[in-house]
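Here the structure is laid out as structure tokens; the discussion comes afterwards.
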Amino acid sequence: MGNQQSQDQTQAWWQSGVIYQIYPLTFSDGNGNGTGDISGIIRRLDYLNDGNLDSQTSLGIDAIWLSPVNDSPMIDNGYDISDYRNICPIFGTLAEFETLIAEAHQRGIRIIMDMVLNHSSNQHPWFIESSKSKDNDKSDWYIWQDPGYKDGLPNNWLSYFGGTGWTYCEAREQYYFHIFNKNQPDLNWRNPEVKAAIFDVLRYWLDKGIDGFRLDASSVYSKDQYFRDNPVKFGATDKNAYHNQHHLYDKDLPENHQIIREIRSLIDEYDDRVLIGETFIDSRLYDSTSFYGINNDELHLPFAFEFPFSPWYPGYLQREIQKKERITPEGAWPTYFLDNHDIPRHLSRWIECALCTNPQAIAKAAATLLLTMRGTPVLYYGQELGMVDFEDIPPEKLQDKAVTNSPSGEAPPNRDGARTPMQWDDSANAGFSFGKDVEPWLPVHPNYQEVNVEAAIADPDSVWHFYRSLIQSQKQSEALRQGRWRTLIHYPYEHMAYIRETDQERVLVMINFAYEQPFELDIPVERENWRVLVSNKTEAGKLIDLPETLQAFEINVLRKE
Ligand code: NOJ
């Protein structure tokens, strides 16, 4: 690895660093055909981290989580893999992918691959074979059941994308189960051959130098062996019926923990790799922390959705943080994110709630929250610019087929709004395709002339510079990287104030979430001698006494001298 390895002996790189998620179809188009690709990512690596801590043009992230780049028919845009060992030609070649790993490592950037192991594509040779008959080599590689008693279906399990989770196969006169789209059949993890084949795939990529995996839908691998019906929740009336069941028998099963433990021991045979898991979207925080494992021997970082599911309200956000602080096991490490490719971007979620017409103010406050938590922050591409969802994509341009071709009225909302092309500059199509003006895979958000990387870098007050300063401060402060977290306000109403501290260093974070209201600062800390690390009111580096009041949207990250 290059020049920016974690400075701490006590922390792993995935605890002290910042992870940046790239959605490859829309991050950067290197070959000029309108679709994002690996060569495009390679050309943008210096933007992510050029190895210079004081850089004014580079964000300074430590690792990329790359949404899937394996071969895929792209019904779920890569989350439906048809060849686990190859790179989808849309993105480039295996050789280019190896170059990406090498080039990233030279800059101190790690690469985390998205591994979709709950299901494959129905175009995967395993499934093609499996669906031919009941007695072929791969007949037991997926979850097959005879027709049953309820409308002919084997049981009442549902698809998260709407409708039943069972699809009939004429050739076998049986149903197969899919928790997502019918083109994404669930693998049968109870079959030791399946497990062995998947473990081979993991080794294959680890041997190529991958720094870890983000396991997609990692809490739904195991299903009940008796195929019992899920109980229906009393009084629940969600239009996506999936949410109206207690998922006792199709997720979070004890066997799932055993599988993750085995994957973790495989990872542990290699130096310094990370195992991240998406503890599935319907899980509560408790379910998610259970995936650290009883001996911290499962996921390093289980993703839970506490910020995405919170309103823009300090009391609520703080309650979630406190809960997570309380139930994260000893020796385990939290992780937080605001956005990802499945949910509306946080500015789109929060702008109305905050009654504010100045999204930049919310973006900076949210950035501060994310980057001063005790836990690894994960950024989603474009978040550093204050990108918002494009809500008016013409229907004929939509690309989220997994959702659009699922039963209408029940499927979750289309996710394309949060997946529009990265906005690089104010040239046609936001400079998405290097040197070319071609129509991108998804339309660019119309605000690209104001919101883009070039403009953000040129403006010292931009959201982008705020992110960069927060990331730099994090690199220079042990308290921010690994310090304890404690609140200074019992139940915050419009502002938050908390401390991150080690035995040697204390950092105070104060954020006023309110649009118009200044707040009298009444917190139990000394008022004198605080060094400004990041602020939207006071110049960084200044030594100040705490202000009497915190102005609307004022943010201060201060180190005690
Ligand atoms: C979770 C992924 O994040 C999402 O994009 C995908 O559609 C489902 N899993 C199915 O793989």
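The values are calculated or read from the model by the stated rules, or taken from the named source; none is laboratory data. Keep in mind it's a predicted model, so treat the numbers as computed, not measured. Counting neighbours? That spans all protein chains shown, and the Cβs are built from the backbone with ideal geometry, glycine included.
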- request: For region 60-84, enumerate the residues that are part of a loop (DSSP other than H, G, I, E, B) and within 13 Å of the ligand (Cβ to nearest atom).
  value: Ser67, Pro68, Ser72, Met74, Ile75, Asp76, Asn77, Gly78, Tyr79, Asp80, Ile81
- prompt: Taking region 85-125 as the search range and keeping residues that are of a type in the set (D, E, K, R) and more than 15 Å from the ligand (Cβ to nearest atom), which one is farthest from Leu25 (Cα to Cα)?
  reply: Arg107
query: Residues Thr57, Thr35: which one is assigned to a loop (DSSP other than H, G, I, E, B), more than 16 Å from the ligand (Cβ to nearest atom), buried (at least 20 other Cβ atoms within 10 Å of the Cβ) and of a type in the set (Ser, Thr, Tyr)?
result: Thr35
message: So if I check each of Pro185, Pro192, which one is away from the ligand (no atom under 16 Å from the Cβ), modelled with pLDDT of 95 or more and not charged (D, E, K, R)?
response: Pro192
- request: Search region 414-436 for residues being free of Cβ contacts under 8 Å to residues at least 24 places away in the same chain and in a loop (DSSP other than H, G, I, E, B), and hand back the single one that is surrounded by the fewest Cβ atoms within 10 Å (Cβ to Cβ).
  value: Ser427
Within region 384-413, tally of residues that are closer than 16 Å to His445 by Cα and within 16 Å of the ligand (Cβ to nearest atom): 3
- request: Determine, yes or no, whether Glu320 is of a type in the set (Asp, Glu), away from the ligand (no atom under 16 Å from the Cβ) and assigned to a loop (DSSP other than H, G, I, E, B).
  value: no
query: Restricted to region 458-484, and to residues that are of a type in the set (A, V, I, L, M) and crowded, with 18+ Cβ neighbours inside 10 Å, which residue is farthest from the chain's Cα centre (by Cα)?
result: Ala479
statement: Scanning region 519-538 residue by residue, those modelled with pLDDT under 95, surrounded by fewer than 18 Cβ atoms within 10 Å (Cβ to Cβ) and not in a loop (DSSP other than H, G, I, E, B) turn out to be Glu520
